[in-house]
1. Can you confirm whether GLU236 is more than 24 Å from VAL344 (Cα to Cα) and among the charged types (D, E, K, R)?
2. Is it the case that some residue within region 353-367 is closer than 17 Å to TYR69 by Cα, out of contact with any Ser or Thr (no Cβ under 9 Å at 6 or more places or on another chain) and either without any contact (Cβ under 8 Å) to a residue 60 or more places away in the chain or hydroxyl-bearing (Ser, Thr, Tyr) (or both)?
3. When the residues of region 217-234 are narrowed to those that are open to solvent by 30 Å² or more (accessible area, probe 1.4 Å) and out of contact with any Gly (no Cβ under 7 Å at 6 or more places or on another chain), which ends up nearest to TYR196 (Cα to Cα)?
4. Checking the structure you have, find out if any residue of region 215-235 is charged (D, E, K, R), closer than 19 Å to LEU163 by Cβ and in contact (Cβ under 8 Å) with a residue 24 or more places away in the chain.
5. Take region 114-138 and flag every residue that is in contact (Cβ under 8 Å) with a residue 40 or more places away in the chain, outside any strand (DSSP E or B) and under 24 Å from LYS296 (Cβ atoms).
6. Wholly within region 255-362, which helices (runs of 4 or more DSSP H) include no fewer than the required count, namely at least 2 residues that are more than 30 Å from ILE101 (Cβ to Cβ) and either open to solvent by less than 50 Å² (accessible area, probe 1.4 Å) or touching a Lys or Arg at 6+ places or on another chain (Cβ under 8 Å) (or both)?
7. Residues of region 179-222 being part of a helix (DSSP H, G or I), more than 20 Å from PHE150 (Cβ to Cβ) and charged (D, E, K, R), which ones?
8. Could you check region 223-254 and list, in sequence order, the residues that are assigned to a helix (DSSP H, G or I), of a type in the set (Gly, Ala, Ser) and under 16 Å from THR289 (Cβ atoms)?
Amino acid sequence: MRKGILGLTAAAAALSLGITACGGDGGTGGDTSASGSASASAEAKPGKIGVILPDSKSSARWETADRKYLQEAFEAAGVAYDIQNAQGDKTAFQTIADQMITNGATVLVIVNLDSGTGKAVLDKAKSQGVATIDYDRLTLGGSASYYVSFDNVKVGTLQGEGLVKCLTDKKAEKPIVAELNGSPTDNNATLFKQGYDGVLQPKYDSGEYVKGPDQSVPDWDNAKGGQIFEQMLTSEPKIAGVLAANDGLGNAAITVLKKQKLNGKVPVTGQDATVEGLQNILAGDQCMTVYKAIKKEADATAELAIALAKGEKPTVSGSVKDPEGNRDVPSVLLDPQPIYFDSVKDVVADGYVSKDDLCKGDFAEKCTEAGVQ
């Protein structure tokens, strides 16, 4: 399904874009003609870039990381930009897109709320000559010119392998495993599940593990996730492991487990390496998370968007198959990293989370123990 660019360093990510200025006049070195000056002037004033983030409730990353890194990249390049958050509202999402195009955006970067809404926005943008990028989530059946994300099946694989490691460390015998999946309308959630089920299903089939409750959480809503997991635990009190699709859902499950004094006894996974998730790992309540170096994702996206805004036609070396659109979408795919207690320090060292935010109060001693500097 995936031909990708895996294990990219920041430098490799930039090189992988292979940007070529097919759409600009360029001019030759030392050109002092009027046409050359006009070309240089045109290149000095690239088009405007619009970015629509999905919400701030499903994960803290959209506002604390993605917005910041994209803004920094656009400002460093001196391009005009507009970054807005749809806050989970599909109508607002479409309205924002319309406003951005009306206000002169020549490039539109979106994180869709679902493929239906995303497709409508992308198709309208394309019809008006606006270049488009799917950021983090692929819009199934959409028309985005590019897709930038992580290898999301691998994210799920790391989660599955993480839960197996944690259950093995606890010497669990025939553990009942609950799966608290992401939003059914998010293609990434489908890919995460494909990854972790690829690890867990053979365990179920062999009888080594017992498949427990398995349910998706609408809109990645953490409150709903907590309610769903509480129902899971009521129906199956002997749940011994929780595959939670991200840190928010993991924390929702941990909150329920705490009520039954089961936190730390039942391994819980996560994703996004949020401060909350990392603190849960330090406390021993969450067994692992998956770190996605958002800066690399944002920088790769910004580089593409800036090139498009300058009238260039970037090339990338990867692609992802859109099964609904039956097309290969030119893609940049980055490599995720599993994080356990002894590698929490890696997230801090990378600058994604600050020591001051992570190591407050009771977590100071745990940070020292984990080697956080």
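The values are calculated or read from the model by the stated rules, or taken from the named source; none is laboratory data. Quantities reported herein were computed from a predicted structural model and do not represent experimental measurements. Neighbour counts run over all protein chains shown; Cβ positions are idealised from the backbone, glycine included. Note: areas computed on protein heavy atoms with side chains; ligands, DNA, RNA excluded. Shrake-Rupley method; radii C 1.70, N 1.55, O 1.52, S 1.80 Å.
1. Considered against the rule, which asks whether it is more than 24 Å from VAL344 (Cα to Cα) and among the charged types (D, E, K, R), GLU236 comes out as yes.
2. Yes: one or more hits.
3. PRO218
4. no
5. Residues satisfying the conditions are ASP136, ARG137, LEU138.
6. Where helices (runs of 4 or more DSSP H) fall fully within region 255-362 and carry at least 2 residues being more than 30 Å from ILE101 (Cβ to Cβ) and either open to solvent by less than 50 Å² (accessible area, probe 1.4 Å) or touching a Lys or Arg at 6+ places or on another chain (Cβ under 8 Å) (or both), they are 275-283, 344-349.
7. Within region 179-222, LYS203, ASP205, ASP219 qualify.
8. As a first pass, look at region 223-254 and keep what is assigned to a helix (DSSP H, G or I): 223-235, 247-254.
Going one step further and asking which of them are of a type in the set (Gly, Ala, Ser), we end up with 223, 225-226, 235, 248, 250, 252-253.
Those that are assigned to a helix (DSSP H, G or I), of a type in the set (Gly, Ala, Ser) and under 16 Å from THR289 (Cβ atoms): GLY225, GLY248, GLY250, ALA252, ALA253.
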